[in-house]
Structure formats: C-alpha cells, structure tokens
Amino acid sequence: MGSQEIIKIEDDFTLIRFQNDGTESFNAQREVSSGLIQFHFGLKGSAKFIFNQGNYALELKEEKSLLLYNPQKELPLNLELAPNSWVISVIISIKKFHALFSSEADYITFLSGDNKDKKYYNEGKISPSMAIVLSQLFHYSLHPSIKNLYYKGKGYELLSLYFNRTEDPNAEQCPFLIDEDNVLKIRKAKEIIIANMSEPPGLQELADEIGLNLKKLKMGFKQIYGDTVYGFLFDYKMDYARKLLDSGSYNVNEVGLKIGYSTGSHFIAAFKKKFATTPKKYLMSINPNT
C-alpha cells in the first residue's frame, strides 16, 4: 500500500516521503506553485513524474535524482510510484535557496544571473553520502518532539551534498581527453579495477594492460572521474559495501571479505573513514531492531 508523508520544515521548505510497499502502483498529486525548486530522489524501485495531463513524463530510477525548476509556470507534482518503490522529495522556494547559496551563484549554474528566469532540469546520480542521508530519512527512531529538527538538519545536509561537486571543473579543457581512444582506455581501466576490487592490480600493471603510460593513466583517470585510481576504487568499494549491508543478506565480516578486507577491523576503519559511522551503527540506523 502506498503512502505519502508531508513534513513542513519551514514556511517555504517542505520534505515529502513517498513509500509504496504494495504490489500496485501508487499515485500522488500535489500543487506546487511557480518559484519553487523541486528535488526528487529515488531510493528504491522507480517512479514517473507526469506533466501536461499525461502527455509528458520523466522517469526517476533507483539511485537517481531529478531537479526541476520553472519560474514561468507551475509544475504540479503528479507522481506515479511503482510497487516496492521509495522516493523523497524536497521542495524549496528560490528565495530561500538564493539566501543559502547567494555567494555561489556562478558555481550553481541555474542560480546565475543569466539563468534566473529560465526553466531548469537536471538528472543526476545519488552519491554514497547522499544515500546515507536518504536512508536515515526513512529509518529513524527518534522522539516525536525532535522529529522536525531532525528532518530540517537532514534536509539541509541533503542539499549541501547534492551540490558538493568533486569533479575537476577544467576536465573538458584537458586536450589529452579529446582523444576518444584514450578515453576508452581510461574507462577500461575503471572496469578492470572494479572487476578485481578485492585484489586490484598495481598502477603500472594497470597502465600496461590498457596500453597507456603511467602518467597518462593517472592524469586521465583524475580528469574523467575526479579522483585518483585508488581513491575512486575506495569510494566504489564503500558504496558497494553499503549496498550489501542494505540487502540484509550479509554480516559485517562477510561484506568486508567480499570487497577485499582480510580483517574486519580494517573494513570497519575504512567504512568509518568514508561514512563517519561504523558498519554496525549504519545497520542499526536502517533497522533499529538489528
């Protein structure tokens, strides 16, 4: 059965939890006036946002996000939530949003002077750190008196993580990456380290395998993926570990072994470095009965 919970955080800042654990689709509708920015986050399953009396739809898949803004017309929320799907939406006024990010207008594209009166749409991925916050918004066990304060903090944390850009802003300007063949080699390097995440090859071995020199591998990988080879792999492994824990099918030691940690203590330390909490505490946060 589907449900929606509307949490009014402030006058022009609302958070909505959509949850459908049933076997049939669930529809939810809500008026959203112009001048409000909509952020939608797919935690599980899939959903569709329907516009113009059903003539147009945007799909929201698991671990994806949508940002919608149109100052010229209202964008009413018409959501079709598939079975076994969860979505969290954040709706905030452009005025409040400008107050949060006024000094960063050039950094956040749609806040710039040229774009302030234009409609804006963006689809993105949910990062591991955002996934933690979204999960906490669904699995909390707090006294009702502090529920609104908790949601307020998590709502602002979610927005800050959404705009936490880690990619190199000059990536497109790197002449090395204009060569499509080099880009394909770097992508192959990424696939190799992911396929061998528990025992990844050394950098020189990896460079030899894809046919690039070591310097070009390191520089190209940083330009495309915004991190070093092993920095990227670390983030990937931790995100994969989080998904394994979410599944409920593995204990902490089993997850650590699956991603290449021979001892539980090393995995716990790595997970804590990434998510600022231990795997056990994370499990307890998503399932208080653990």
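The values are calculated or read from the model by the stated rules, or taken from the named source; none is laboratory data. None of the values given here were measured: they were computed from a predicted structure. With ideal geometry, Cβ positions are generated from the backbone for all residues, glycine too; neighbour counts draw on all protein chains shown.
Within the stretch 253-290, being farther than 20 Å from GLU199 by Cβ and in contact with a Lys or Arg (Cβ under 6 Å, 6 or more places away or on another chain) holds for one residue alone: THR278. Listed residues GLY264, GLY260, GLY248; which is more than 30 Å from GLN204 (Cα to Cα) and not assigned by TED's automatic domain parsing to the domain that holds LYS44? Of GLY264, GLY260, GLY248, the one residue that is more than 30 Å from GLN204 (Cα to Cα) and not assigned by TED's automatic domain parsing to the domain that holds LYS44 is GLY248.
Of the candidates PHE41, PHE26, PHE49, the single residue that is among the aromatic types (Phe, Trp, Tyr) and under 22 Å from LEU149 (Cβ atoms) is PHE41. For the stretch 48-91, a tally of residues being farther than 17 Å from GLN38 by Cα and in contact (Cβ under 8 Å) with a residue 12 or more places away in the chain returns 5. Please verify whether PHE271 is assigned to a helix (DSSP H, G or I), modelled with pLDDT of 90 or more and not assigned by TED's automatic domain parsing to the domain that holds TYR140, treating the condition exactly as stated. Here the answer is yes, as PHE271 does meet what is asked. Answer with yes or no whether LEU60 is in contact with a helix residue (DSSP H, G or I) (Cβ under 6 Å, 6 or more places away or on another chain) and either closer than 14 Å to VAL87 by Cα or crowded, with 20+ Cβ neighbours inside 10 Å (or both). No: the conditions fail for LEU60.
For the stretch 202-253, what are the residues that are within 22 Å of SER129 (Cα to Cα), charged (D, E, K, R) and not in a loop (DSSP other than H, G, I, E, B)?
Passing the criteria: LYS222, ASP235, LYS237, ASP239, ARG242, LYS243, ASP246.
Yes or no, residue by residue, for (1) within 30 Å of THR23 (Cα to Cα); (2) modelled with pLDDT of 80 or more; (3) not in a loop (DSSP other than H, G, I, E, B); (4) not small (Gly, Ala, Ser):
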position	(1), (2), (3), (4)
TRP86	yes, yes, yes, yes
VAL90	yes, yes, yes, yes
LEU149	no, yes, yes, yes
LYS152	no, yes, yes, yes
SER160	no, yes, yes, no
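Restricting attention to the stretch 4-43, and to residues there that are within 24 Å of SER93 (Cβ to Cβ) and polar (S, T, N, Q), which single residue is modelled with the lowest pLDDT? This residue is SER34. Scoring ALA99 on the criteria (1) outside any helix (DSSP H, G or I); (2) over 23 Å from the mean Cα position of the chain (by Cα) leaves a single failure, condition (1). Cβ separations smaller than 6 Å between residues 6+ apart or across chains give the following pairs from the stretch 263-279 residues that are without any contact (Cβ under 8 Å) to a residue 40 or more places away in the chain to residues that are among the small types (Gly, Ala, Ser) and not in a loop (DSSP other than H, G, I, E, B): GLY264/GLY256; PHE267/GLY256. Against the condition more than 22 Å from LEU203 (Cα to Cα), surrounded by fewer than 17 Cβ atoms within 10 Å (Cβ to Cβ), of a type in the set (Ser, Thr, Tyr) and without any contact (Cβ under 8 Å) to a residue 12 or more places away in the chain, how does SER285 come out, does it pass? For SER285, the condition - more than 22 Å from LEU203 (Cα to Cα), surrounded by fewer than 17 Cβ atoms within 10 Å (Cβ to Cβ), of a type in the set (Ser, Thr, Tyr) and without any contact (Cβ under 8 Å) to a residue 12 or more places away in the chain - is not met.
So, in the stretch 20-37, exactly how many residues are crowded, with 20+ Cβ neighbours inside 10 Å and either within 15 Å of LEU79 (Cα to Cα) or not hydrophobic (A, V, I, L, M, F, W, C) (or both)? Lay out the reasoning, then the answer.
Start the filter on the stretch 20-37 by keeping residues that are crowded, with 20+ Cβ neighbours inside 10 Å, which leaves 20, 26, 36-37.
Among the residues that remain, those that are also either within 15 Å of LEU79 (Cα to Cα) or not hydrophobic (A, V, I, L, M, F, W, C) (or both) are: 20, 26.
Result for the stretch 20-37: 2.
Assess whether SER46 counts as being out of contact with any helix residue (DSSP H, G or I) (no Cβ under 8 Å at 6 or more places or on another chain), buried (at least 17 other Cβ atoms within 10 Å of the Cβ) and at pLDDT 90 or above. Talk me through it step by step, then tell me what you get.
Numbers: out of contact with any helix residue (DSSP H, G or I) (no Cβ under 8 Å at 6 or more places or on another chain): yes; buried (at least 17 other Cβ atoms within 10 Å of the Cβ): yes; at pLDDT 90 or above: yes.
When the stated conditions are applied, SER46 passes them.
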